[in-house]
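Enquirer: After the structure tokens below, expect a handful of questions from me.
The values are calculated or read from the model by the stated rules, or taken from the named source; none is laboratory data. The model shown is predicted, which means the values in this text are computed figures rather than measured ones. Heads up, the Cβs are rebuilt from the backbone with ideal geometry, glycines too, and the neighbour counts pull from every protein chain shown. Surface areas here come from the heavy atoms of the whole protein model, side chains and all, with no ligands, DNA or RNA. Shrake-Rupley method; radii C 1.70, N 1.55, O 1.52, S 1.80 Å.
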Amino acid sequence: MILAGLFAGLLFIGLIVGDWLYFIRPTPDAIRYGCRVATNPDQWPGATFTTLGDRFTPEGVLLLPHGVAWFYPRLSQIAIRPQYRLFSRRFRTAWPVKGLIHLSPQDQTLNTLCVKRMPWSSAILTLLWFALVLIGSLTFVVQYAMDGGFASLGGTLTGVGVIALAALVLAFGLVTMALAYRLEDSRLMKVYAELRDAIEEPSPS
């Protein structure tokens, strides 16, 4: 039983690590991998596929101050993500965000749609945590009421206290996730702004 539990734990950790490693890979199939969380439409005036190709290396890579971009001309897409350094001093969260920019040419303008994604493991574990807290709290309240817990003043105060505690836990989780996503989204949009500035920068003559 102990070995089975240990194996299950190692498998669980391996799945999460594998999910994150595949999430940050720059391959054409991996750039579309992840849970879609938001989109950001935009326009790049004066940009064309020719000017894009001039900004990237022959391998389709563009290093930016706070991230990296990969250009896939055949797919009409650009993948961006912040830099993930192993010993970085910057605080990392459990909800990293990357972007996939879909390009659509229109005259001398590129219409863009940046699709933001996070790892599936982060999204699923977050939903499971909220579901566990919510279902557990509701189950307790129903069972407590069926056992006559609210029949007395003391029991009612105890039940209300437990409900309030569960609400605080849920609120804390929501605030934590919102702040973490806002932090990671700001990092991604900084990379997006750096990419746009690099594309709009005049080519050296």
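Enquirer: Got a sec? Which of Trp44, Trp20 is of a type in the set (A, V, I, L, M, F, W, C), in contact with a helix residue (DSSP H, G or I) (Cβ under 8 Å, 6 or more places away or on another chain) and assigned to a strand (DSSP E or B)? Explain how you work it out, then say what you get.
Expert: Numbers: Trp20 fails: assigned to a strand (DSSP E or B).
Trp44 is the lone residue from the list that is of a type in the set (A, V, I, L, M, F, W, C), in contact with a helix residue (DSSP H, G or I) (Cβ under 8 Å, 6 or more places away or on another chain) and assigned to a strand (DSSP E or B).
Enquirer: Please tell me if Ala94 is open to solvent by less than 30 Å² (accessible area, probe 1.4 Å) and small (Gly, Ala, Ser). Before you say what the answer is, go through the steps one by one.
Expert: On the way: open to solvent by less than 30 Å² (accessible area, probe 1.4 Å): no; small (Gly, Ala, Ser): yes.
Here the answer is no, as Ala94 does not meet what is asked.
Enquirer: How many residues are open to solvent by 100 Å² or more (accessible area, probe 1.4 Å) and modelled with pLDDT of 90 or more when one looks only at segment 176-205? So that I can check it myself, show each step before the final result.
Expert: Step one: of segment 176-205, the residues open to solvent by 100 Å² or more (accessible area, probe 1.4 Å) are 179, 182, 201-202, 204-205.
Now drop any that are not modelled with pLDDT of 90 or more, which leaves 179, 182.
Counting residues in segment 176-205 that are open to solvent by 100 Å² or more (accessible area, probe 1.4 Å) and modelled with pLDDT of 90 or more gives 2.
Enquirer: Yes or no: Thr39 farther than 25 Å from Arg182 by Cβ and among the polar types (S, T, N, Q)? Talk me through it step by step, then tell me what you get.
Expert: Details: farther than 25 Å from Arg182 by Cβ: no; among the polar types (S, T, N, Q): yes.
When the stated conditions are applied, Thr39 does not pass them.
Enquirer: Right, next: Scan the strands (runs of 3 or more DSSP E) fully inside segment 73-145 and keep the ones with 1 or more residues being closer than 30 Å to Leu168 by Cβ and at pLDDT 90 or above. Quick ask: steps written out before the conclusion?
Expert: Values: elements: 77-82, 98-106, 109-118.
Filter on segment 73-145 gives 109-118.
Enquirer: Can you give me the number of residues within segment 127-143 that are open to solvent by 50 Å² or more (accessible area, probe 1.4 Å) and farther than 30 Å from Val97 by Cα? Show your work before the answer.
Expert: So the first thing to find is which residues in segment 127-143 are open to solvent by 50 Å² or more (accessible area, probe 1.4 Å), and the list is 127-129, 132, 134-135, 138-140, 142-143.
Within this subset, residues satisfying the condition of being farther than 30 Å from Val97 by Cα are 138-140, 142-143.
Number of matching residues: 5.
Enquirer: Among the listed residues Thr57, Thr50, identify the single one that is assigned to a loop (DSSP other than H, G, I, E, B), among the hydroxyl-bearing types (Ser, Thr, Tyr) and either in contact with a Gly (Cβ under 7 Å, 6 or more places away or on another chain) or closer than 27 Å to Gln106 by Cβ (or both). Full working, then the answer.
Expert: Numbers: Thr50 fails: assigned to a loop (DSSP other than H, G, I, E, B).
Every option except Thr57 fails the conditions.
Enquirer: Could you pull out the residue among Arg36, Arg25 that is of a type in the set (D, E, K, R), modelled with pLDDT of 95 or more and either assigned to a helix (DSSP H, G or I) or under 22 Å from Asp185 (Cα atoms) (or both)? Please lay out each step first, then the result.
Expert: On the way: Arg25 fails: modelled with pLDDT of 95 or more.
Result of the check over Arg36, Arg25: Arg36.
Enquirer: Hey, another quick one. Any idea which of Gly159, Gly149, Gly173 is open to solvent by less than 40 Å² (accessible area, probe 1.4 Å), in a loop (DSSP other than H, G, I, E, B) and out of contact with any Asp or Glu (no Cβ under 9 Å at 6 or more places or on another chain)?
Expert: Details: Gly159 fails: in a loop (DSSP other than H, G, I, E, B); Gly173 fails: in a loop (DSSP other than H, G, I, E, B).
From the options Gly159, Gly149, Gly173, the qualifying one is Gly149.
Enquirer: Moving to a separate point now. I'm trying to understand the selection: among the residues of segment 1-49, which are open to solvent by 70 Å² or more (accessible area, probe 1.4 Å), free of Cβ contacts under 8 Å to residues at least 60 places away in the same chain and of a type in the set (Phe, Trp, Tyr)? Steps first, please.
Expert: Let us first name the residues in segment 1-49 that are open to solvent by 70 Å² or more (accessible area, probe 1.4 Å), namely 1-3, 6-7, 10-13, 15, 17, 20-21, 25, 29, 32, 36, 41, 43, 45.
Restricting the remaining residues to those that are free of Cβ contacts under 8 Å to residues at least 60 places away in the same chain gives 1-3, 6-7, 10-13, 17, 21, 25, 29.
Hits for segment 1-49 are Phe7, Phe12.
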